[in-house]
Every structure is written in structure tokens, then in C-alpha cells.
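J.: My questions all concern the structure below.
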Protein chains: 2
Amino acid sequence: MAEVVPNKQVIFKDYINGYPKASNMVVTSDSTIRLELPKNVDGLILTKNLYLSCDPYMRNRMVKFMEGNYIDSFTLGSPIRGLGVLKVLDSSHPEFKKGDLVWGPLNWEEYSLIKDTKGLFKIQYTDVPLSYYTGILGMAGLTAYVGFHDICSPKKGDTVFVSAASGAVGQLVGQFAKLHGCYVVGSAGTNEKVDLLKNKFGFDEAFNYKDEKDLNATLKRYFPDGIDIYFENVGGKMLDAVLCNMRVHGRIAVCGMISQYNLDKPEGTSNLAFLILKRLRMEGFLVSDHYHSYPKYMKMILPLIQEGKIAYVEDIAEGLENAPDALVGLFSGKNVGKQVVAIAHE
Amino acid sequence: MAEVVPNKQVIFKDYINGYPKASNMVVTSDSTIRLELPKNVDGLILTKNLYLSCDPYMRNRMVKFMEGNYIDSFTLGSPIRGLGVLKVLDSSHPEFKKGDLVWGPLNWEEYSLIKDTKGLFKIQYTDVPLSYYTGILGMAGLTAYVGFHDICSPKKGDTVFVSAASGAVGQLVGQFAKLHGCYVVGSAGTNEKVDLLKNKFGFDEAFNYKDEKDLNATLKRYFPDGIDIYFENVGGKMLDAVLCNMRVHGRIAVCGMISQYNLDKPEGTSNLAFLILKRLRMEGFLVSDHYHSYPKYMKMILPLIQEGKIAYVEDIAEGLENAPDALVGLFSGKNVGKQVVAIAHE
């Protein structure tokens with residue numbers, strides 16, 4: 001007879017307004033799970049969940065209803081869902097077998113019995129920390145790749161500005177731009193992150209936006225001849241300052257606007273007339289439209305990791321009980337690098 | 001001995017803040033001109049000026065300095081400059097001869113002695129009102145053409161929304177979109193203009209934005225399944241409402257933002273997060289980057305005019321003395337159709 005064990009979960013408790021709080025979730029061990037597949041049912045996998053990805057987009061799932069939202073809200077009383085790395089403990093699904101490592105959508109819980117395996121990718125390459133599949137080898141990596149290469153139309157010598165530059169996506173965008181022969185400046189919200197940008201990720205310049213009184217002047221200092229490419233992660237005042245400093249025919253890839261998500265009413269962007277004056281293209285994108293590029297991306301990124309040509313910083317919270325704080329910390333910039341939660345290390 | 005005649009001019013008097021006023025210009029007959037080319041100087045043309053184009057972009061030249069401006073300010077004490085139709089009275093320039101009709105940049109005055117003929121196009125086709133070269137056969141036409149066909153990436157069946165739709169550019173964009181097999185709705189600021197849109201220009205629907213309390217709801221009414229293409233001429237509240245109603249992978253061509261030009265501080269645009277949610281592309285453009293497409297455009301548009309497949313409405317002010325009011329009227333929507341000033345009819 002298989003063991004029945006407590007299954008710790010992070011349950012979604014309240015729809016939010018404004019900033020998400022850890023108290024909108026509750027960590028409980030009330031549930032149990034039998035560590036055995038049900039008999040006579042095919043197509044199931046039983047998983048032990050190893051690493052969780054904390055991503056800004058998840059806030060969209062914590063609101064009750066958002067006009068135009070592309071994704072469903074979380075269900076009250078059910079576990080938070082996100083992306084992560086899982087180990088298959090047992091399988092009645094023809095494509096998975098015991099011991100497989102996979103990444104993809106999962107519940108925030110220690111063990112899962114999964115009926116719908118859609119979106120789960122089998123992990124082939126394990127000579128890296130498995131947590132990388134929550135970031136550089138997962139959605140954040142692909143986001144940086146398609147955002148920079150497909151949306152920004154970069155050319156060698158272009159001047160590139162990245163906001164939230166030490167985050168999961170930003171740190172990669174900056175390095176992809178450097179590898180492409182661009183001049184790259186990043187902004188972040190602490191001096192520690194600014195150090196990382198310059199000394200670990202190889203940005204040409206970086207600044208702490210919280211120390212700058214006049215972002216327009218700051219950008220003029222770093223880009224006396226203007227910005228060709230802006231990789232937008234934050235929105236708000238930064239976007240307005242950037243618009244004033246774009247060069248003719250510049251491109252803005254809109255990946256996120258994290259400074260705006262928690263405001264009752266977004267700050268207005270006042271300088272859109274520069275789209276005309278400078279003939280700018282501003283384009284939003286979602287990585288989910290670009291999954292087909294994942295194999296191409298893996299072919300590009302794996303050698304770079306193996307040859308040590310790319311740096312990657314994670315901020316790993318240990319234990320499912322710390323997952324709510326880790327998720328919420330994204331919105332105050334508490335994380336340094338990609339925010340991960342380690343439930344178990346295998 | 002050639003005649004010396006008074007040369008009426010519209011002189012630029014004051015840099016502006018906010019709305020341009022007719023009193024920022026002065027119409028004077030203080031200048032005179034000798035209706036003869038100077039001897040022993042080659043490369044000159046003497047012109048009689050027939051039609052002037054009034055365009056919203058001209059406001060950019062009435063401010064003292066605007067960061068990022070792509071065009072020089074007007075010179076205080078000198079004539080306003082714009083585009084228009086001219087007749088060559090005499091020429092020592094090898095490419096022009098007496099009697100030629102041309103269109104391009106000119107001073108707002110009855111006669112000009114022109115040294116720099118750059119930008120002047122010879123008019124080949126005269127079986128239309130010559131004033132058309134200030135609009136449908138000039139910059140407004142080319143703007144509508146490249147803005148719609150090159151920037152909007154239209155497909156048959158797309159839903160298209162045009163603001164300031166009865167203006168010089170808007171009326172053409174709507175008709176090009178109909179010819180392309182699109183569903184087209186336009187907005188304008190009077191019921192007379194709305195009638196024109198529906199009954200003269202063949203828009204599927206049109207509305208008076210001043211009668212609508214909730215533009216978001218209005219757009220939902222006309223576009224229950226969303227907007228594929230927005231041709232942006234106005235900015236401000238309309239843009240915010242449009243952003244909420246765009247379809248996935250929609251395109252916004254930013255041609256102008258006339259509602260914002262005269263404000264001390266532009267209204268902020270709050271709904272840019274929809275760029276991400278709906279993966280929108282928003283792109284500004286200036287017709288001056290697209291002059292090379294003019295011959296292709298003429299080849300397309302002339303048969304349409306000849307076959308009566310395109311309608312075109314002008315609002316012609318008679319006499320140079322009415323030019324300041326005509327220009328200023330653009331910013332309160334006084335004009336119905338393309339605003340032209342007729343100095344002389346030939």
C-alpha cells in the first residue's frame with residue numbers, strides 16, 4: 001500500500017486590488033496525497049515539484065476580472081499556478097516515465113497528480129542547475145530572446161536601454177545585446193543590482209533609477225546621441241523619459257510595465273507624440289506567441305552557458321512556505337536576479 | 001521695365017504657447033516685388049502662388065523650440081512657410097519654364113522669387129482642380145497611402161477605425177480601407193462631418209465624438225469584436241479608449257495627435273498595458289520618409305479619381321487675408337475636409 005503524505009500547498013485566498021500581499025495566499029498542509037497512481041486510469045503522471053518560477057505576469061491572475069486579460073484568474077481556494085520544474089515519480093502517460101524531469105505549468109504544491117500534460121517540456125539537458133528551467137532555459141530566456149531579436153530588430157552598434165535590467169529577462173536582454181555588438185545601459189533599483197549589471201552581466205553602464213531626480217537628464221548623460229532600442233519592463237515615468245530620448249526610427253519592445261500593475265489608475269504616458277517626431281515603433285509581445293522558437297533558442301543558449309559566455313543570477317527562496325513572500329517581493333524589487341522558489345532540490 | 005507690384009504676405013509675428021491664434025500672424029502689403037527675374041543670375045524661378053495647404057504639423061513650426069522637433073521653427077518677421085501650388089511666371093532654372101505649374105514648399109505670399117527649388121514637383125496632370133495638389137495629390141494623399149498600406153499592414157476583412165476622419169488624411173484613409181475590403185468606422189466632431197463620412201466617403205459607420213459620453217462603450221458598439229487597425233490622428237482620450245478595444249495583433253499607425261498639440265502638458269495615455277495584453281504594434285511615421293513612394297501613389301490614385309471611385313472634399317478659404325484664420329481653424333475642427341487657401345485661381 002502506497003504512502004499517504006501531507007501535501008503542502010499555497011492556496012489563493014483573496015482577489016487583489018493594488019499590490020499583492022503575502023496574506024492573499026495561505027500555505028497549508030491540510031491536503032494529503034497518495035504517492036501512487038490510481039489504478040485503471042491512463043495518461044496520468046505523479047510528480048514531485050522541485051522549483052517554482054515567480055513572474056510579474058502572475059499578478060494578472062490574482063485580479064478578479066481584467067478587461068482584455070489574456071489569461072484566467074486563479075481560483076479562490078485552489079493552489080496558485082505557475083511554471084516550474086517537476087520530477088516524474090510515476091506515469092501512466094505514454095510520453096513520460098518515472099524519473100523524467102520536466103518543466104511547465106504546475107500547482108504550487110509539493111506533489112501533483114497531473115491529468116493535463118499540455119505545456120510540459122521534457123528536460124533533456126541536465127548539466128546545469130535544474131532551476132535554470134524556471135528562467136534562462138524557460139520562459140524568461142525565450143522572452144528575452146524573441147523580445148530582443150524578433151521585436152527590437154537590432155543592428156550591430158545600436159544603443160540599447162533595458163529597464164528592470166537585473167531581473168530574469170533584463171539581465172539576458174542586456175547580454176544578448178552585448179553579444180550582438182550593441183552599446184547597452186541598464187537601470188535597476190538598488191546599488192547592488194547596478195553593480196551586478198556592470199560587473200557580472202557586462203553592461204556598458206548602469207544606474208540606480210531611485211537616485212536620479214531627472215530621468216530625462218540621466219538618459220541624456222548615458223545616451224548623448226539617443227536610444228535606438230528600449231526594452232521596456234517598467235512603464236510609467238521611465239517610459240516618458242525614454243520617449244524623449246529615442247533616436248529616429250527607434251524601436252521599443254514592450255515586455256512589461258511592472259511599475260504600473262499595482263496602481264489603481266496607471267500613470268499616464270505624456271510623450272507619445274515622439275512616436276511621430278522620431279518615427280518610432282512600439283510593440284508589445286507575449287512569449288506565448290513564440291513557443292515555436294524554443295528549440296532554436298535552446299540551440300543558441302546552451303553553448304553560451306557551456307562556454308561561460310553568459311552570466312545568470314537567481315534569487316532562490318528555500319521552501320514552499322516562503323513562496324508567497326517571494327512572489328510579492330517582485331513588485332517591490334526585493335529579488336536580485338530571477339526569483340525562484342525551491343520546494344525540493346530533487 | 002517690369003512692373004513693381006505690392007506682394008501681400010502672411011508674416012509670422014509671435015511664437016506660441018497653447019492654441020495658435022490668427023493674431024500670431026499678420027497679413028501685410030508692405031512688401032513689393034518686381035515681376036522680372038534679376039539679370040545674370042541663373043537657377044531662379046519667379047512664381048505666382050495659387051493655393052496654400054493648411055496642415056496641423058505647421059503648429060510645430062510656430063513654437064520657439066521643441067525638444068526632438070524634426071523641423072525648424074518659423075522665423076519671426078518672415079512669411080509663414082508651407083506647401084502649395086505655384087505657377088512659374090519666369091525661369092532661369094534649366095528644369096522649369098514659364099507657364100509650368102508646380103507644387104511644393106513656398107512662402108505664404110502672392111509672388112515669390114525662389115532660389116532653392118528643392119522639393120518642388122512639376123505638375124503633369126492638370127485635368128483636376130489644381131488645389132488637389134495641396135491634398136489628395138500631395139502630402140495628405142501620400143500620408144494616407146503610406147500610413148495605411150505600409151504602416152497598418154491591412155488585410156481584407158480587417159476592422160478599421162479612423163479618427164479626425166473627415167480631415168485631409170482621414171477621408172482618404174477610410175476610402176483606401178474600403179477599397180481594400182475592410183470594415184471602416186470614422187469619428188469626427190460635427191454631425192455635418194459624420195454625414196459626409198457615411199454618405200460621401202462611404203464609411204460603414206461614423207459618429208460624432210462630442211456626443212459620446214463613454215468612448216470605450218461607443219467603440220464597443222461599433223466594434224463588438226474589436227479593432228484590427230487604428231489610424232491615429234487625435235491622441236488623448238480617444239487613444240485610451242481605442243487601446244481597450246484593439247484586437248490581438250492589432251496595428252496603430254500614429255499619424256498625428258491633434259488634440260494634444262495645444263495643451264501645456266499632454267493628457268497622459270493610461271492604457272498602454274494593452275500593447276502587451278493584445279500584442280499591439282504602434283508606429284509613428286512622417287510622410288517625409290516616404291517621398292520615394294510618390295510616383296507609385298500617383299499611379300494608384302489618378303485612375304481612382306478619373307473613374308470617380310474616390311471622393312474628396314476641400315474647404316477652400318478665399319484670399320491670403322483669410323489664411324491665418326484658416327490655419328488656426330484646424331485646431332478647433334472648423335474645417336470640413338482639407339483646408340486650403342486660394343490666393344489666386346491661376
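The values are calculated or read from the model by the stated rules, or taken from the named source; none is laboratory data. All of these numbers come straight from a predicted model, not from anything done at the bench. With ideal geometry, Cβ positions are generated from the backbone for all residues, glycine too; neighbour counts draw on all protein chains shown.
J.: Being modelled with pLDDT of 95 or more and small (G, A, S) is the filter here, so list the residues in the stretch B:6-28 that pass it.
T.: Listed by number, the residues that qualify are B:A22, B:S23.
J.: Something else about it: Within the stretch A:228-243, identify whether any single residue is within 11 Å of chain B (Cβ to nearest Cβ), among the β-branched types (V, I, T), under 25 Å from B:N233 (Cβ atoms) and crowded, with 23+ Cβ neighbours inside 10 Å, and answer yes or no.
T.: No, because not a single residue in the stretch A:228-243 is within 11 Å of chain B (Cβ to nearest Cβ), among the β-branched types (V, I, T), under 25 Å from B:N233 (Cβ atoms) and crowded, with 23+ Cβ neighbours inside 10 Å.
The rows are residues; the columns are (1) within 27 Å of A:S131 (Cα to Cα); (2) of a type in the set (D, E, K, R); (3) in contact with a helix residue (DSSP H, G or I) (Cβ under 8 Å, 6 or more places away or on another chain).
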position	(1), (2), (3)
A:S31	yes, no, no
A:D42	no, yes, no
A:I45	yes, no, no
A:S53	yes, no, yes
A:P56	yes, no, yes
A:G77	no, no, no
A:G82	yes, no, yes
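J.: Look at B:L50 and say whether it is under 25 Å from B:S23 (Cβ atoms), touching a Leu at 6+ places or on another chain (Cβ under 9 Å) and in a strand (DSSP E or B).
T.: No, not satisfied.
J.: Still on this structure, I have one more. It is to be established whether one or more residues within the stretch B:193-214 are in contact with a Leu (Cβ under 8 Å, 6 or more places away or on another chain) and either surrounded by fewer than 17 Cβ atoms within 10 Å (Cβ to Cβ) or within 14 Å of chain A (Cβ to nearest Cβ) (or both).
T.: Within the stretch B:193-214, not a single residue is in contact with a Leu (Cβ under 8 Å, 6 or more places away or on another chain) and either surrounded by fewer than 17 Cβ atoms within 10 Å (Cβ to Cβ) or within 14 Å of chain A (Cβ to nearest Cβ) (or both).
J.: Looking only at the stretch B:86-143, how many residues end up being without any contact (Cβ under 8 Å) to a residue 60 or more places away in the chain, buried (at least 18 other Cβ atoms within 10 Å of the Cβ) and of a type in the set (G, A, S)?
T.: Of the residues in the stretch B:86-143, 2 are without any contact (Cβ under 8 Å) to a residue 60 or more places away in the chain, buried (at least 18 other Cβ atoms within 10 Å of the Cβ) and of a type in the set (G, A, S).
J.: Regarding A:A241, is this residue at pLDDT 95 or above and more than 27 Å from A:C54 (Cα to Cα)?
T.: Yes.
J.: Follow-up. Which of (1) out of contact with any Asp or Glu (no Cβ under 8 Å at 6 or more places or on another chain); (2) more than 8 Å from chain B (Cβ to nearest Cβ); (3) more than 18 Å from A:A165 (Cβ to Cβ) is the odd one out, the single condition A:Y312 does not satisfy?
T.: Unmet condition: (3).
J.: Moving to a separate point now. Which members of the stretch B:256-270 meet the condition of being polar (S, T, N, Q), outside any strand (DSSP E or B) and at the interface with chain A (Cβ under 7 Å from one of its Cβ atoms)?
T.: Across the stretch B:256-270, the qualifying residues are B:Q260, B:S270.
J.: Same structure again: Of A:M282, A:M298, which residue is surrounded by 15 or more Cβ atoms within 10 Å (Cβ to Cβ) and more than 10 Å from every other protein chain (Cβ to nearest Cβ)?
T.: Unique residue meeting the criteria: A:M298.
J.: Out of the residues in the stretch A:259-273 meeting the condition of being buried (at least 21 other Cβ atoms within 10 Å of the Cβ) and not hydroxyl-bearing (S, T, Y), tell me which one is nearest to A:C244 (Cα to Cα).
T.: The extreme case among them is A:N271.
J.: A follow-up question, please. Only residues that are small (G, A, S) and in contact with a helix residue (DSSP H, G or I) (Cβ under 6 Å, 6 or more places away or on another chain): list them for the stretch B:144-161, please.
T.: B:A144
J.: Here is a further query. Looking at the stretch B:59-76, I want the residues that are modelled with pLDDT of 90 or more and have a partner that is in a helix (DSSP H, G or I) with Cβ atoms under 6 Å, at least 6 apart or on another chain. Which pairs are those?
T.: Filtered contacts from the stretch B:59-76: B:S73/B:R61; B:F74/B:R61.
J.: A further question follows. Taking the conditions exactly as written (under 30 Å from B:G84 (Cβ atoms), at pLDDT 95 or above and charged (D, E, K, R)), does B:D195 satisfy them or not?
T.: Considered against the rule, which asks whether it is under 30 Å from B:G84 (Cβ atoms), at pLDDT 95 or above and charged (D, E, K, R), B:D195 comes out as yes.
J.: Please give the number of the condition B:H180 fails out of (1) within 19 Å of B:I310 (Cβ to Cβ); (2) within 18 Å of the chain's Cα centre (by Cα); (3) free of Cβ contacts under 8 Å to residues at least 60 places away in the same chain.
T.: (2)
J.: With the structure loaded, tell me whether B:A253 is more than 7 Å from chain A (Cβ to nearest Cβ) and buried (at least 21 other Cβ atoms within 10 Å of the Cβ) or whether it fails that test.
T.: Yes: the conditions hold for B:A253.
J.: Taking the conditions exactly as written (farther than 26 Å from A:R247 by Cβ and small (G, A, S)), does B:A241 satisfy them or not?
T.: Judged against the criteria, B:A241 is a match.
J.: Can you name every residue in the stretch A:1-41 that is outside any strand (DSSP E or B), more than 28 Å from A:P266 (Cβ to Cβ) and among the basic types (K, R)?
T.: A:K8, A:K39
J.: From B:V341, B:V287, which residue is buried (at least 21 other Cβ atoms within 10 Å of the Cβ), among the β-branched types (V, I, T), under 22 Å from B:P56 (Cα atoms) and within 14 Å of another protein chain (Cβ to nearest Cβ)?
T.: Sole residue among the options that is buried (at least 21 other Cβ atoms within 10 Å of the Cβ), among the β-branched types (V, I, T), under 22 Å from B:P56 (Cα atoms) and within 14 Å of another protein chain (Cβ to nearest Cβ): B:V287.
J.: Shifting gears a bit: Name the residues in the stretch A:28-67 that are surrounded by fewer than 17 Cβ atoms within 10 Å (Cβ to Cβ) and among the aromatic types (F, W, Y), would you?
T.: Result: A:F65, single match.
J.: If I ask for residues that are touching a helix residue (DSSP H, G or I) at 6+ places or on another chain (Cβ under 9 Å) and of a type in the set (D, E, K, R), which ones from the stretch A:1-23 would you list?
T.: Of everything in the stretch A:1-23, those that are touching a helix residue (DSSP H, G or I) at 6+ places or on another chain (Cβ under 9 Å) and of a type in the set (D, E, K, R) turn out to be A:K8, A:K13, A:D14, A:K21.
J.: Quick one: in the stretch B:63-118, of everything that is part of a strand (DSSP E or B), of a type in the set (A, V, I, L, M, F, W, C) and under 23 Å from the mean Cα position of the chain (by Cα), which residue is farthest from the other protein chains (Cβ to nearest Cβ)?
T.: B:L101
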